[in-house]
Amino acid sequence: MFNAEVFQNPYLPQGAREVNAIMTITTSDSDGVAVAAPITNQRLFGIICDTSGSMGGAKMIAAKDAIVKIINLLPDDAAFFVVTGSSRAKLLVPLVNAVPENKMRAISQVKEISANGGTLMSTWLHTALGEFNKMPQAICQALLLTDGQNDLNDEHDLTRILDAAEGKFQCDCRGVGTDWRVGELQKIAAKLLGTTDIIPSPDRIAADFQEILTKAMGKTVSDVSLRLWTPVGAKILFCKQVSPEIVDVTSRAKVVSERIIEYPTGAWGSNESRDYHFCIQINAGNVGDEMLAGRASLITQTNGQETKITEAKILATWTEDEAKTAKIDRRVAHYTGQAELSQFIQEGLEAKAQGNIDVATVKLGKAVKIAHDSGNEATAKLLRSVVDVEDAAAGTVRIKRTVAKEDEMMLETRSTKTARIQK
Amino acid sequence: MNCHECGGTIAVDDRFCEECGASLVAASNPSSLVQPLTVLVSNISCQKCGAPPAKIDAERYCIECGFRQAVISTDTIELQPAPNLAGASDRGRRHDRNEDAIALKFIADDIYIMVVCDGVSSSQHPELASRAAVTNCLEAIELALQQGIDDPAAVICQGVDAALQAVARIPIDPTSSIDPASTTIVAALVRANIATIGWLGDSRAYWIAPDKSIQLTQDDSWMRDAIESGMYTPEEAEASPYAHAIVRWLGADTADDGKPSIVTFAIPSAGYLLLCTDGLWNYAPDPGYLYHLFQQANDSHSLPIARHLIRFANQQGGQDNITVGILVIE
């Protein structure tokens, strides 16, 4: 069951035009209640593993071991394939059902993997897309593991393959070690509706892979898009996923009709919860006017058929009552703060990288304060590996003299993770 | 809370009593400007943007402009911005919605603004035209007064011009053969016992007093033109099917002909200034008879008289929307 709820203060003072709303979408096991969305039973999981020269040694051994483990964990009714990649991609295990004999054969192939060559990720994704295209009705998900940065000459091809793969499969990206580029993997993951994270040491690969697989196999509803209707004259200033992590999806809007756009949200599992922040500029009304500033709905497509799963309204009411207009909705305030937190971290780390310690101290200090105030303990902990905190409530910090590169990368990749509002 | 009319239970935010339909706005907030408008969700265009009725969703939101349609009863709408200034607008008995509109404003003890409009039924969105006209006319007159414009005729012209611009802005359905949104207008500015009245169409102003009641405006109608031309006797003209056709109005199609006729009237004594639509005067065109009706009200206060006039027109058949605005001069 999908459930959508909007949190906002609909009251605007005279002349105001900006509406902010948080939409919380939750799914739950349907406890005997009819399931609102058509369930897709077919699941296809792609494993994409970097086998360039730099992967050799401990990383390759750990990666192979982790792949073997998740192949063993694949449910019998799923399908999978394995692509290994360096300067070229190799379809190591073509698409097969995850029945025991296929798994056995795949595992013996995985054990033969060796590392050498460069890194041209576009070729890996291209080969993976070919396999996903064989099962377009399935919930298509992949994980991509790399340890280095992509060949600079591959940028154009990578952009092209990402455009082609968008909407065809989702992909979680993982970087092992500290020689990969956060921005690069984030670009791939963002386009393919996946997550990005660092695996600081090879011995953690297996656990991380299992977590990804478990989440992937829990998806039951595919190709869900978030549709937003807005009235004449409205402008969507931004649309951000704000929980579990911040993803600005404003630019991913696709036009459905004159008043309707949609954002892809990928596949959903049960017991998931995501929050979105809409900021819409509308034509001002007169005091006393009520307006539907937006109608957000979740749509799933199965076999070319659209099903509306759930819907929520974003409203605006103009009033002269200042007691009503002055209040900011606490969820809107909370997530506005979480977005600032993420931004301060990015800017602080950038300043630090440029040697601008004063700016870095101020920015990261502000981040520490917001993390403290909003109860985002996970981010606060990551921040403490980069700064010494003197007074969290005041945001007084000192940049640590020596910071482990992996700690800094972890802070960078995970700074977008938000805390939910405290009850 | 309880309704001031019938004592029925009402909620704080109610604009009208659910029991008797009485306006609660005028009673609780006498200075507010209430715009008479009617909504039947099924067959009325968007109040804001004029989108066709099919664009109004079940919760009354327009799926074009997003604005929610106000639900206001089609029964009498009343307003009383000052003890001596009141108005009422009523759907009548035959029409399924009220296309008239009224706006009144008390500025100071001797300064009042009154505007009455009658949307032209044969035009697109007459109810929007009349509402846009009264609101914008009143605002523009106020603004002109604030700007210190001294000539009352110029003030009235500014008000009517603002009304015209607002009406002309109402979207036109180019596929429709019906005229663009149109309305009549009669607007009065009363300052230091001088009434300056401008009009287009056949909504009227009267001076009602014991010694001499008179009609202050001259209809822009086919009937009057016909009589004045000498080609028809008053009886012949009145019998013509064109008798009530108006020859001047406010609309996108009259943008170059929006200058109102103006009359200035020095208020001679105690009495009443009455602005009304043809929903009333069709049943009582004669000023002397109107005075008689005022007497019948048995109450010299503005709102009871307005109610009495509405009741009278409905008793006579209520063939059209009825709107009256009354200023009591003591």
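Read-outs throughout are calculated quantities, based only on the coordinates presented, and are distinct from any laboratory measurement. Since the model is a prediction, treat every value here as computed from it, not as a measurement. Using ideal geometry, Cβ is built from the backbone for each residue, glycine included, and neighbour counts are taken over all protein chains shown.
Per-structure values
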| item | result |
| --- | --- |
| Among B:113-120, A:281-288, the order from most to least packed when residues are scored by Cβ within 10 Å on average | B:113-120, A:281-288 |
| Net +/- balance of residues flanking A:Ile205 in space, Cβ distance below 12 Å, scoring K and R +1, D and E -1 | -2 |
| Residues A:Ser257, B:Ser269, B:Ser182, A:Ser270, sorted so that the one with the fewest Cβ neighbours within 10 Å comes first | A:Ser257, B:Ser269, A:Ser270, B:Ser182 |
| DSSP bridge orientation in region A:43-217 - percent antiparallel, rounded to nearest 5 | 20 |
| Dipole magnitude (debye, nearest 20) for region A:331-414, charges at Cβ of Lys, Arg, Asp, Glu | 60 |
| Summed residue charge, Cβ within 10 Å of A:Lys313's Cβ, Lys/Arg positive, Asp/Glu negative | -1 |
| Per-residue mean of C-beta atoms belonging to partner chains within 10 Å, peptide A:231-241 | 2 |
| Potential extension, A:Glu112-A:Ala253 segment - 0.36 nm per residue separation minus Cα distance | 46.4 nm |
| Neighbouring partner chain Cβ atoms per residue of B:56-62, average, 10 Å criterion | 3 |
| Partner chain coverage, peptide A:282-290 - average Cβ within 10 angstrom | 4 |
| ³J(HN,Hα), Karplus 6.51/-1.76/1.60, whole Hz, each residue of region B:190-197, x for Gly, Pro | 10, 9, 6, 6, 10, 9, 10, 10 |
| Per residue, the convex hull volume that the Cα atoms of region A:331-414 enclose (Å³) | 77 |
| Summed side-chain charge close to A:Val68 - residues other than A:Val68 whose Cβ falls under 11 Å, Lys, Arg +1, Asp, Glu -1 | +3 |
| Leading residue at positive end of dipole, chain A (Cβ point charges), from A:Phe81, A:Pro264, A:Leu162 | A:Phe81 |
| Relative contact order of region A:86-244, defined on C-alpha pairs under 8 angstrom at six or more residues apart (%) | 19 |
| Charge dipole (region A:337-423, unit charges on Cβ, about Cα centre) - positive-most of A:Ala360, A:Ser374, A:Ala404 | A:Ser374 |
| Three-way shape call for chain B based on the alpha-carbon gyration tensor, with the a/c threshold at 1.5 | rounded |
| Rg to Rh quotient for region A:365-421, alpha carbon positions, Kirkwood Rh | 0.95 |
| Positive-end residue, the protein assembly as shown charge dipole about Cα centroid, Cβ charges, pick of B:Ala108, B:Leu303, A:Leu349 | A:Leu349 |
| Kirkwood Rh in Å, taken over all unlike Cα pairs in region A:43-217 | 15.6 |
| Which listed pairs, of A:Lys254/A:Lys366; A:Lys59/A:Lys134; A:Lys254/A:Lys417; A:Lys69/A:Lys400, have C-alpha distances above 29 Å, in listed order | A:Lys254/A:Lys366; A:Lys59/A:Lys134; A:Lys69/A:Lys400 |
| Cα centroid separation - region A:282-314 against region A:352-415, whole Å | 39 |
| Average Cα contact separation per residue, chain B, under 8 Å, 6 or more apart, as relative contact order % | 18 |
| Fraction of the pair-distance distribution of the protein assembly as shown above 39 Å, Cα-Cα pairs, percent | 53 |
| Total charge dipole magnitude, the protein assembly as shown, about the Cα centre, Cβ charges on Lys, Arg, Asp, Glu only, Debye to nearest 20 | 3400 |
| Cα principal axis extents for chain A, largest first, Å | 73, 57, 42 |
| Least to most buried among A:Phe7, A:Phe81, A:Phe238 (fewest other Cβ within 10 Å first) | A:Phe238, A:Phe7, A:Phe81 |
| Sorted by Cβ neighbour density within 10 Å, fewest at the top, the residues A:Cys140, B:Cys49 | B:Cys49, A:Cys140 |
| Rounded to 5, the percent of DSSP beta bridges in the protein assembly as shown classed as antiparallel | 80 |
